[in-house]
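Here the structure is laid out as structure tokens; the discussion comes afterwards.
The values are calculated or read from the model by the stated rules, or taken from the named source; none is laboratory data. In this text, all values refer to a predicted model and were calculated from it rather than measured experimentally. Please note: Cβ atoms are built from the backbone with ideal geometry, for glycine as well, and neighbour counts cover all protein chains shown.
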Amino acid sequence: MKPEPFKIGVVNASSRLDPARGEAIQAWMDAAYPGGEVQLVFHPMAFQTHGHFGGDDAVRADAFVEFANDPRLGAVWFARGGYGSCRIAEAVLPQLTEVARKKRYLGYSDAGSLLAPLYKAGFPHVAHGPMASDGARHDATGRRAVDWLVSGDRASLEPSLLDDPRPAVAFNLTILNELVGTALEPDLAGHVIMLEEVSEALYRVDRMMFHLTGQASIRRAAGIRLGRISDVTPNDPDFALTPEEIVRYWCERSGIPYLGTADIGHDPDNKVVPFGASR
């Protein structure tokens, strides 16, 4: 008898998802798993639009709760980033059941605004990593994500995690900078914090690092690792510091250990970082 397929629910908590992108994701999935042993299930509301967003706040919140609580789905995969998940995070958490608590959740960038409160609430299988939209690349990115969603495959993990037993998290710098001081911020004392960013000028990276490392909560972290700062927008005049020099500077000023680089970013090499100490 053929075993039941592992079904991954795809939800959109953020910006609009182009239906053509959805078709490309599904085409990749069909090619990667021709036997159907792993299947994607797109929420029917994943392609709705409401101004900037993939449906209004209520639509996106209801879709997330429905799929998180659905016992037929083994995991929840965020469709894309952009902006919008912070608008629904506090509304969805009280509605999640024990079924939702058992699932794996994977995404990055804007999805961090939901990953953070899930982790804060004690959900054990929350991770930064490639989103469903990355599957449209038809390369190893999507497979790395699916392997973790299905089995927690250690081969998908950011390499430093294999040697460092301390709890870890990973965030887009902008997202974590906006989360601190809010009801969504998890306790990151003793954690290795991995940061990445995209499409920001270096003066903005510097300013965000000033604000982030100035927080008492973040100063209790075990240290910071820097992922890739990519597609940096022009700075006139030249900022004259590299991203690593900026992060080292603010780590030194704040007393937070700088631990080196991390293999994460808005790119195909983005690795999986499960939140916490569980690997």
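Of all residues in the stretch 212-228, those that are part of a helix (DSSP H, G or I) and either free of Cβ contacts under 8 Å to residues at least 12 places away in the same chain or polar (S, T, N, Q) (or both) total 1.
Take the conditions (1) in contact with a helix residue (DSSP H, G or I) (Cβ under 7 Å, 6 or more places away or on another chain); (2) in contact (Cβ under 8 Å) with a residue 24 or more places away in the chain; (3) over 28 Å from A91 (Cα atoms); R137 misses just one of them, which is (1). There is no residue in the stretch 229-240 that is part of a helix (DSSP H, G or I) and modelled with pLDDT of 95 or more.
In the stretch 195-211 there is at least one residue matching the filter, namely being outside any helix (DSSP H, G or I) and under 25 Å from L93 (Cα atoms). The set of residues in the stretch 146-183 being hydrophobic (A, V, I, L, M, F, W, C), more than 22 Å from G223 (Cβ to Cβ), in contact with a helix residue (DSSP H, G or I) (Cβ under 7 Å, 6 or more places away or on another chain) and surrounded by 15 or more Cβ atoms within 10 Å (Cβ to Cβ) consists of W148 alone. Of S85, S109, all but one fail to be on the phi > 0 side of the Ramachandran plot, surrounded by 24 or more Cβ atoms within 10 Å (Cβ to Cβ) and touching a strand residue (DSSP E or B) at 6+ places or on another chain (Cβ under 9 Å); the exception is S109.
Close Cβ contacts (under 8 Å, 6 or more residues apart or on different chains) running from residues in the stretch 38-59 that are assigned to a helix (DSSP H, G or I) to residues that are surrounded by 14 or more Cβ atoms within 10 Å (Cβ to Cβ) comprise D57/G84; D57/R87; D57/I88; D57/A91; V59/M45; V59/Q48; V59/H50.
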